[in-house]
Structures are given as structure tokens and as C-alpha cells.
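The values are calculated or read from the model by the stated rules, or taken from the named source; none is laboratory data. From a predicted model like this one, the values you see are computed outputs, not experimental measurements. Note that we place each Cβ from the backbone using ideal geometry, even for glycine, and neighbour counts take in every protein chain shown.
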Amino acid sequence: MPVARVFIACAVVLVTACGSNLPPAAPGAPPAATAKVVDAARLVAANQDVNNWLSYGRTYDEQRFSPLQQINAGNVSQLKLAWHYDLPTDPRAHEATPLVIDGTLYVTGSWSVVFAFNAATGALLWSYDPKVPGKTAVNACCDVVNRGVAAWNGKIYVGTLDGRLIGLDARTGQVVWTVATTDPGMRYTITGAPRVIKGKVLIGNGGAELGARGYVTAYDAETGRQVWRFYTVPGDPSKPFENPILKTAAQTWKGQWWKLGGGGTVWDSMAYDPKLDLLYIGVGNGAPWNRAIRSPGGGDNLFLSSIVALRPDSGEYVWHFQETPGESWDFTATQSLILAGLTLDGRPRQVIMQAPKNGFFYVVDRTNGQFISAKPFAAVNWASGVDPVSGRPLENPQSRYGETGKPWVSTPGPGGAHNWQPMAFSPTTGLVYIPVSDLSFPYFPDKHFATHPLTWQTGADFDAGSLPQDDKIKAAAIAASLGHLVAWDPVAQREVWRVAQNHPWNGGVLATAGDLVFEGTAMGDFNAYRAATGQSLWSVPVHTGILAAPMTYAVDGEQYVAILLGWGGAVGLAAGEIALASHTSEGNTPRLLVFKLNGADHVPEATPTSARILQPPPDLAAAGVVAKGKQYFSHSCGVCHGDSATSGGVLPDLRYSASLADPQIWNNIVREGALEGHGMVSFAPEYSSGQTDAIRAYVIHRANQDAAKQRQKAAQ
Ligand code: CA
């Protein structure tokens, strides 16, 4: 059964990553496009281009607000499915926001595959599979995801998981140019959507759990020629700095940080102010997380966990604001960046807003990086607040587990109080809508830190921190893992309303002029709320968990709302027991749903799944071997296959694996790389056969523990 499950998943992968052809495109040319191409003027005026969604956050200010109001609070109850399309991609997390340009919808699936549809009918126009090698998955911290494409002058751009940036012909999907934006010898990945400013395509990358040094690069949109690159953290100071500001930044680092990468990857958020001609980038966490290892002796470690403003033509540094100096908790500042005009103390201010992982909502003057205000938008215990003058957090000294050498249970944790799931701002209500995760995490200092060829290197001990098997402690941890959608007033810095959710890992948000806020949930519900009050107005079960953000567009006078289904990602993979306890959507079908008023299509029914019974081989290994196996599992396997060997429901749950009963199958997969094409690489470079046998012994032990519980439950 479990092997069958693995190979069913592989059959799906085969369609995309393993070389077979995608289904043929539906006949017919794209809808009659207007003569207007996507150019600089059109992108600057995108807000007035009401029918379209031209870039990742719809407009350069990334507000994710649509002026469309044909669908509104008065009639949203009549919203029905117009069309749907089942993507032939791997059933894992799908995180993309579609673009719609003059009647064509562009979206990406897992493994960086791009699809173009007739936005009114759902007919597939073309698809493009960049054939990302399956082994790349081991470099992806958080699943083989992609968040979408960018558009410019008849071309569509996608960043691929294995570090390429590709320009495609928007009409045909044919490759126009390809460029490698990362060193294939390093463990970089691309999951974020590119942006285009004045004919330059901007792309960052991820990998700060894996020894990366962060940067963002600009390429000529017509040719793919590199124009500039900005590194976010300094490299080896014995060599020339790539940029003068890095000399200043290097003074905030100690030790030999460059040998461990440093981190600061720009893996998601960007925004642009055309009047100020400033590009804003969100910079990620330190590599490794633990500052005591990364920069022994302390230091702010610029530009980790910062918003940085650059000149888009040259990559020249203009200003920065650092949210978490000396970052140690995977507190990225890569979450949505939203530009808006606010009236503060009677004065109009041009601000940039962010609700980063660290739990504080920041309002910063975007003309100069001056701090304005910050308040907690979720439960926070690592800092008591933010200094109203300097903008620096008032840290709880105990939170510095690296420096104290003692464990610290932090709220929030590395999943963040808010992660990549986009927030939205409505200029009509003046509110920011944030998908909030209520999650804590135990950080144990890693006393034996070493770099590894394959697994995460954080400087936090994941074995010591793994979810305890004591049922009461576990139940309490699960009960505390919740989520909510919050409407936040950025002027008063206070919560206006919230909708409670019984899972911490829900979807991104869309706001519209129809007084509506749309959001999907981990439970597989797609919801609409009144933007002003949070009143629930519409909800439809879609039978697959949602992480992506909805978007809206119009074709021929008809408004549509689109949402991409597919669950997984960082928390979906790793927080196994937490995820399983409440993630109850029945399946995980990558599917694009498009709604309109009185649509005639129907959401397909759930695929029923039968309850699985654990039938592991006998638990015969010595306790010492099991303990060693637990240590290796927590270090190298748990991030994808789930804490305590309980999968979050996306990747195979190893407790059910037939390879437990057959050491040869286990060996073929774990040491020989039999499933490398599907993302499971050989761990032979990192572990001896005795060690991988110990991992198997631990999983057998865990399966027997839980089989006993299953039998006990069945007998009751
Ligand atoms: Ca990270």
C-alpha cells in the first residue's frame, strides 16, 4: 500500500518532471489580444488597468487590491464556479498567484511548470515544463513550489527551482532565452515570482538553511543579459567587496561568517515606487540561524532580516531598515511589502508596510527608511516590544539560545507569525488583511554544529526540539497551533477584526472594491468576508487545502475570481502531527478554480480515502540504535517527512512504508537514490549504512508505537 502510494505519486510526477508530454493544448488561438503590450507605462498605471492583473501583487505597490466591484458584498452569495482545470503537476504545495493579461491567464504549478489559459473559458493555450531535475528537491527548504510569473513586452518570465530564469513567448510558451542565476554547485533554489521594472527582470533566490549567500539580480528583459547584482550580506573581507555598502555592512559581522554563507536570501517580496524610483527588497534570515555560530561575539549582521531600497537601474544601495538585528530565529523580512499613502499625525506619509515572521507590524517611511511605528500583530514572547525611536526590538535576553546555551521556546517560531502567504491592503477600508499563524518553536542550541552536504544547517538542534511523544505535552502543542485572518489598522497599529481558524497554515489574501476579502484555508474552504467587518458572506468547500492567494480579473465585462489549490509547503511538510491533527481537507489535487456570478461549473467531489492501518515489522533494534536513528532522522529527514516520523500528509509517511519490512528497498531508496527523480536523493554522502539502518530502526520503532495506539483505539 505505501509503496503503491509512492508510485502513484511518481506517475503524476512523470507527467511533468520526468519527461512525458503534457496534455495537448486545446484548439484555438488565444483570445484576441489588444495591441497594447505590457510596458513601463502600463505597469506604472496598472491600478487603472482594472480588468487585468499584470504583476505578482497586481500593482507595483503590491497591495493585492482590485478596483473591480461587479462581485460585491451584496451578491457574493451568488458566486459559482465558472471553470476549473486539474493541473497535471505533482500533488504538493501550489503557491502561485495567476497573472491575467487581456484575456489570458498565466499560472505556475509545482516544479516551476507554467500554464497559459483562456481566462474566460479555461481552455489550455500552452504549457511549458522546464524539466527541473528531481534531485533539486533536496535543496528546497519548503517543497518544490513556485509563486508565479512576470510579464513584459510579449514575454512571460519564470524562475525555476534549480536556479534558472527563463523568458517565454507569451503567445506560444516557446523559450526565448534562459540564464542560470545561481551557481549549480551551491544549494540555491528559486521559488519566488520575478518582477519587471523598466525592461529589467529582477529575481532573487532561497537557500539560507543550506549555506547560501543572498543576492538579487537584474537581467535585460529582451536578451537575458545580466545588468547588475546586489549581494545582501558581505563576503570574504580579504577580497574586494562587490558593492561599497558591503564594507559598511561587514563591520556588523564577526568571525568567519562567509564560510557558512551568511544567508540573507531575497526569496520572495519586492515592491517598486516609480515616483521615487526605488526598488524595495525583503531580505531573509541568517545562515546558519544561530548567530553565536554564524557571527560569534554578536553584531547586527546587515542586511539580514531587513527591508533594503535600491536603484532599479543600477542596483545601487539607497537605504535599509533592519527589523531583527542579529537574527537567530529564521525571522525573515521576506514577507509581503506593501506601499501605501497613510495620514499619520495629520501628515500624509508615503510608507512601506510589512508583517514579517517576527510578529511585529512595521510602518516605515519609504522615502528614506525612517522608522515610524511597530506593534505586535500576533502573540510574541521573544521581544517585549519595539523601541519607538530606534525601531529596534526590546529583546527578551533568554531568547538568545545561541548565546545563553539554553533552549528557548519562542513565539513565533521559524514558521513565522506571518509567512510568504501574501497579505492585502484595501485603500477603501484602510485595513491590511494578514493571514496569521499562531505557532511556537523550541530552539535548542546545537552543541555539535557542523556543515553537511545535504541537510539543513541552522545551529538549532532539531532532535532535542522534536515534538515529545508524551501524549499530554503533544496535545497541548497541537492545541496551541492555530491561525487567524486579521484586519489590521496600520495607522492606529491595532487589530480591527479577526476570523479564528483551527489550523496555522492558511492561504494568502485578496481585497476588492466590492467590500470583499477572499481567503482560502488549510481545511479546503474558500471564503469571502465583508472587508469592513469580517462578516462571513460566502464559503465553498473545495476539498483540497489552500495556500495560494486569490486574484480577480474581468474579460468582456464579466468579473472572475481565481484560486489555485494544493497544500504543503514548509509547515505542511514538517509539522506532521500538528498538520494532521487539523488538516482535514480530503485530498490534495492541484487544481485551478475560477468563479463568477452564477457560473455553471461544479467543484469536483472529494476523492474518498480509506483509513490506513499501520502494520510495521517487529521493533527489535536496541534502544541505543533507535536513539541514534531518531537523532539522524530529526536532523535530516523530519523537515520533509515530518516531525517524529509523522508526515504532514504531502510527502510519504514513512511509518507506512513497505521499505520498513525490506531492508533492500530501504537501501535502494535511501542509499542508492532509487527515487531521486522524484526528489528523494541518496543520503549515502552524509550517512554510513549503519547510520541509515539506524534511521530505519527508529521509523520502525515509531510505527510500532503508533500501531499500538491504533489497536488500543480500535478496541475501545
Ligand atoms: Ca528561512
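Table: residues versus (1) of a type outside the set (D, E, K, R); (2) buried (at least 20 other Cβ atoms within 10 Å of the Cβ); (3) modelled with pLDDT of 95 or more; (4) outside the structural domain of Ala548 (by TED's automatic domain parsing).
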{"site": "Gln322", "(1), (2), (3), (4)": "yes, yes, yes, yes"}
{"site": "Gly326", "(1), (2), (3), (4)": "yes, yes, yes, yes"}
{"site": "Asp330", "(1), (2), (3), (4)": "no, yes, yes, yes"}
{"site": "Ser336", "(1), (2), (3), (4)": "yes, yes, yes, yes"}
{"site": "Val351", "(1), (2), (3), (4)": "yes, yes, yes, yes"}
{"site": "Thr367", "(1), (2), (3), (4)": "yes, no, yes, yes"}
{"site": "Ser373", "(1), (2), (3), (4)": "yes, no, yes, yes"}
{"site": "Glu395", "(1), (2), (3), (4)": "no, no, yes, yes"}
Checklist entry - Could you say whether any residue in the range 31-52 is closer than 30 Å to Leu651 by Cα and either surrounded by fewer than 24 Cβ atoms within 10 Å (Cβ to Cβ) or in contact (Cβ under 8 Å) with a residue 24 or more places away in the chain (or both)? => result no
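Of all residues in the range 247-293, which are among the charged types (D, E, K, R), more than 13 Å from the ligand (Cβ to nearest atom) and buried (at least 19 other Cβ atoms within 10 Å of the Cβ)?
Step one: filter the range 247-293 for residues among the charged types (D, E, K, R), giving 247, 254, 259, 268, 273, 275, 277, 291.
Subset that is more than 13 Å from the ligand (Cβ to nearest atom): 247, 254, 259, 273, 275, 277, 291.
Arg291 - this is the single residue of the range 247-293 that is among the charged types (D, E, K, R), more than 13 Å from the ligand (Cβ to nearest atom) and buried (at least 19 other Cβ atoms within 10 Å of the Cβ).
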Next on the checklist: List pairs: first residue in the range 234-254 and in contact (Cβ under 8 Å) with a residue 24 or more places away in the chain, second residue surrounded by 18 or more Cβ atoms within 10 Å (Cβ to Cβ) and among the hydroxyl-bearing types (Ser, Thr, Tyr) anywhere in the structure, Cβ distance under 7 angstrom, at least six positions apart or on different chains.
Outcome noted: Asn243/Tyr231; Asn243/Tyr317; Ile245/Tyr317; Trp253/Ser295; Lys254/Ser295
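Taking the criterion of being farther than 22 Å from Leu439 by Cβ and among the charged types (D, E, K, R), would at least one residue in the range 359-366 satisfy it?
Taking the range 359-366 first, the residues farther than 22 Å from Leu439 by Cβ are 363-366.
This time we only want the ones that are among the charged types (D, E, K, R), so: 365-366.
Yes, the range 359-366 contains at least one residue that is farther than 22 Å from Leu439 by Cβ and among the charged types (D, E, K, R).
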Item to check | the range 132-156, residues that are more than 16 Å from the ligand (Cβ to nearest atom) and under 17 Å from Ala271 (Cα atoms) | outcome: Gly148, Val149, Ala150, Ala151, Trp152
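Test Ala513 against the stated conditions and say whether it is under 19 Å from Gln63 (Cβ atoms), modelled with pLDDT of 95 or more and surrounded by fewer than 24 Cβ atoms within 10 Å (Cβ to Cβ). Break it down into steps so the answer makes sense when it comes.
Details: under 19 Å from Gln63 (Cβ atoms): yes; modelled with pLDDT of 95 or more: yes; surrounded by fewer than 24 Cβ atoms within 10 Å (Cβ to Cβ): yes.
Against the criterion (under 19 Å from Gln63 (Cβ atoms), modelled with pLDDT of 95 or more and surrounded by fewer than 24 Cβ atoms within 10 Å (Cβ to Cβ)), Ala513 qualifies.
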Checklist entry - Residues of the range 210-229 being within 12 Å of the ligand (Cβ to nearest atom) and farther than 14 Å from Trp258 by Cα, which ones? => result none
Item to check | Given (1) touching a Ser or Thr at 6+ places or on another chain (Cβ under 8 Å); (2) closer than 30 Å to Phe518 by Cβ; (3) at pLDDT 95 or above, index of the condition Val436 fails | outcome: (1)
Item to check | Of residues in the range 194-209 being farther than 24 Å from Gly286 by Cβ and in contact with a strand residue (DSSP E or B) (Cβ under 8 Å, 6 or more places away or on another chain), the one farthest from the ligand (Cβ to nearest atom) | outcome: Gly199
Checklist entry - Within the range 174-186, can one find any residue that is charged (D, E, K, R) and more than 16 Å from the ligand (Cβ to nearest atom)? => result yes
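Any residue in the range 651-663 that is among the polar types (S, T, N, Q) and either within 25 Å of Thr589 (Cβ to Cβ) or buried (at least 21 other Cβ atoms within 10 Å of the Cβ) (or both)?
In the first step, residues of the range 651-663 are kept if they are among the polar types (S, T, N, Q); the result is 657, 659.
Checking which are either within 25 Å of Thr589 (Cβ to Cβ) or buried (at least 21 other Cβ atoms within 10 Å of the Cβ) (or both) leaves us with 657, 659.
Within the range 651-663, one or more residues are among the polar types (S, T, N, Q) and either within 25 Å of Thr589 (Cβ to Cβ) or buried (at least 21 other Cβ atoms within 10 Å of the Cβ) (or both).
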Next on the checklist: Please go through the range 490-534 and give me each residue that is under 19 Å from the mean Cα position of the chain (by Cα), closer than 14 Å to Phe65 by Cα and assigned to a strand (DSSP E or B), ordered by number.
Outcome noted: Val509, Leu510, Phe518, Glu519
Checklist outcome for this item: Filter the range 539-553 for residues that are in contact with a strand residue (DSSP E or B) (Cβ under 7 Å, 6 or more places away or on another chain) and hydrophobic (A, V, I, L, M, F, W, C); the one that is nearest to Ala96 (Cα to Cα) is Ala548
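Within the range 669-688, does at least one residue satisfy the condition of being over 17 Å from Val138 (Cβ atoms) and in a helix (DSSP H, G or I)? Full working, then the answer.
Here is the first cut: in the range 669-688, the residues over 17 Å from Val138 (Cβ atoms) are 688.
If we keep only those that are in a helix (DSSP H, G or I) too, we end up with none.
Scanning the range 669-688, I find no residue that is over 17 Å from Val138 (Cβ atoms) and in a helix (DSSP H, G or I), so the answer is no.
How many of the residues making up the range 375-385 are within 24 Å of Pro442 (Cβ to Cβ) and crowded, with 16+ Cβ neighbours inside 10 Å?
Here is the first cut: in the range 375-385, the residues within 24 Å of Pro442 (Cβ to Cβ) are 376-385.
When the remaining residues are screened for being crowded, with 16+ Cβ neighbours inside 10 Å, the result is 376-378, 380-383.
Of the residues in the range 375-385, 7 are within 24 Å of Pro442 (Cβ to Cβ) and crowded, with 16+ Cβ neighbours inside 10 Å.
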Checklist entry - Does Asn668 satisfy the criteria of being buried (at least 17 other Cβ atoms within 10 Å of the Cβ), on the phi < 0 side of the Ramachandran plot and of a type in the set (S, T, N, Q)? => result no
Checklist entry - If you take the residues in the range 386-407 that are within 23 Å of Lys447 (Cα to Cα) and in a loop (DSSP other than H, G, I, E, B), which one is nearest to the ligand (Cβ to nearest atom)? => result Arg400
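Any residue at all in the range 351-362 that's of a type in the set (D, E, K, R), out of contact with any strand residue (DSSP E or B) (no Cβ under 6 Å at 6 or more places or on another chain) and away from the ligand (no atom under 16 Å from the Cβ)? Talk me through it step by step, then tell me what you get.
Quick first cut of the range 351-362, residues of a type in the set (D, E, K, R) only: 357.
Now drop any that are not out of contact with any strand residue (DSSP E or B) (no Cβ under 6 Å at 6 or more places or on another chain), which leaves 357.
From what is left, the residues that are away from the ligand (no atom under 16 Å from the Cβ) are none.
No, because not a single residue in the range 351-362 is of a type in the set (D, E, K, R), out of contact with any strand residue (DSSP E or B) (no Cβ under 6 Å at 6 or more places or on another chain) and away from the ligand (no atom under 16 Å from the Cβ).
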Next on the checklist: If I filter the range 408-424 down to residues being within 14 Å of Asn285 (Cβ to Cβ) and assigned to a loop (DSSP other than H, G, I, E, B), which single residue comes out as nearest to the ligand (Cβ to nearest atom)?
Outcome noted: Pro414
Next on the checklist: Within the range 294-305, take every residue that is without any contact (Cβ under 8 Å) to a residue 60 or more places away in the chain and over 11 Å from Thr252 (Cα atoms) and give me the one that is nearest to the ligand (Cβ to nearest atom).
Outcome noted: Ser305
Checklist entry - What's the number of the condition Thr646 fails, among (1) modelled with pLDDT of 85 or more; (2) closer than 20 Å to Ala140 by Cα? => result (1)
Next on the checklist: Against the conditions (1) within 15 Å of the ligand (Cβ to nearest atom); (2) polar (S, T, N, Q); (3) not in a strand (DSSP E or B), where does Thr451 fall short? Just the number, please.
Outcome noted: (1)
Checklist entry - Where in the range 292-360 are the strands (runs of 3 or more DSSP E), entirely inside, with at least 3 residues that are aromatic (Phe, Trp, Tyr)? => result 317-322
